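Read through the structure below, which is laid out as structure tokens, and then see the notes.
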């Protein structure tokens, strides 16, 4: 047998003055509920007196924007101000920063072109920029002749510089002051006659007397210049000029054979 539960009736407030809302059921004997009235604000002060009221003066605050333009300090300011008045005119050229002096390379090249009067004072400071250009030009002319000799040329120049360095210091003994860097620079600059010979060999038939005569002339040119520079720039070289010239002759003869064959 099902058990019955007594559920109290739900009473909703009636909306006075609205004829569309039907009258809700109320228990008998209950007093009618007063209509809902919203609370009215009081003019005496804030509703919660414990929270103080803070006022802000909008006109006194400066307008801030995240896209404001940057402010640079003028160059006429004090020591703490940032100066932005520098110009690129005071910057040195890029070649000078890399240690490449084109005027010095040109002067050294002109001194090599005159085998009778070699100015050794220009070659006191060794550099590898000029020799590298000459070796690349030599390899380019060999490439035009159908020979890919870039690696061989660079390797032979290093071996030749080491050979002359060892020979000269052994001849000079303890008084030898030729360093390897200057020796590489001198050998590279004295390759200029070989570069000219490599360019002229493109227009001369190989295997004849003309090409061998040209090779002998250019080899003697390079030998003469390299010997004069080594003897004048390094001490104790006058006594062994013949041996130094023979070593230079062997070095540049190898490069001439590379051009001919």
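The values are calculated or read from the model by the stated rules, or taken from the named source; none is laboratory data. The structure displayed is predicted, hence computed values, not measured ones. Please note: Cβ atoms are built from the backbone with ideal geometry, for glycine as well, and neighbour counts cover all protein chains shown.
Can you tell me which of 168, 218, 197 is within 21 Å of residue 131 (Cα to Cα), at pLDDT below 95, touching a helix residue (DSSP H, G or I) at 6+ places or on another chain (Cβ under 7 Å) and not in a loop (DSSP other than H, G, I, E, B)? Before the answer, list the steps.
Working: 218 fails: at pLDDT below 95; 197 fails: at pLDDT below 95.
Selected residue: 168, the only one of 168, 218, 197 that is within 21 Å of residue 131 (Cα to Cα), at pLDDT below 95, touching a helix residue (DSSP H, G or I) at 6+ places or on another chain (Cβ under 7 Å) and not in a loop (DSSP other than H, G, I, E, B).
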Are any of the residues in segment 93-111 more than 22 Å from residue 199 (Cα to Cα), within 33 Å of the chain's Cα centre (by Cα) and touching a residue at least 60 places away in the same chain (Cβ under 8 Å)?
-> no
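What about residue 242, is it exposed (fewer than 15 other Cβ atoms within 10 Å of the Cβ), free of Cβ contacts under 8 Å to residues at least 60 places away in the same chain and not in a helix (DSSP H, G or I)? Write out each step before concluding.
Numbers: exposed (fewer than 15 other Cβ atoms within 10 Å of the Cβ): yes; free of Cβ contacts under 8 Å to residues at least 60 places away in the same chain: yes; not in a helix (DSSP H, G or I): no.
In short, no.
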Which residues, counting only those in segment 168-195, are surrounded by fewer than 18 Cβ atoms within 10 Å (Cβ to Cβ) and closer than 21 Å to residue 111 by Cα?
-> 181
Residues (touching a residue at least 60 places away in the same chain (Cβ under 8 Å), exposed (fewer than 14 other Cβ atoms within 10 Å of the Cβ) and assigned to a helix (DSSP H, G or I)) located in segment 112-143 = 113
In segment 146-167, how many are surrounded by 15 or more Cβ atoms within 10 Å (Cβ to Cβ) and over 31 Å from the mean Cα position of the chain (by Cα)?
-> 6
Among the candidates 214, 170, 194, which residue alone is closer than 19 Å to residue 248 by Cβ and touching a residue at least 40 places away in the same chain (Cβ under 8 Å)?
-> 194
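Can you report the number of residues in segment 228-238 which are in a helix (DSSP H, G or I) and either touching a residue at least 40 places away in the same chain (Cβ under 8 Å) or surrounded by 18 or more Cβ atoms within 10 Å (Cβ to Cβ) (or both)? Outline the logic, then answer.
Filtering segment 228-238 down to residues in a helix (DSSP H, G or I) leaves 228-233, 238.
Now drop any that are not either touching a residue at least 40 places away in the same chain (Cβ under 8 Å) or surrounded by 18 or more Cβ atoms within 10 Å (Cβ to Cβ) (or both), which leaves 228-233.
So the answer is 6.
Have a look at 107, 182 and point out the one that is in a helix (DSSP H, G or I), farther than 20 Å from residue 247 by Cα and modelled with pLDDT of 90 or more.
107
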Listed residues 225, 210, 159; which is within 24 Å of residue 122 (Cα to Cα) and either assigned to a helix (DSSP H, G or I) or in contact with a strand residue (DSSP E or B) (Cβ under 7 Å, 6 or more places away or on another chain) (or both)?
-> 225
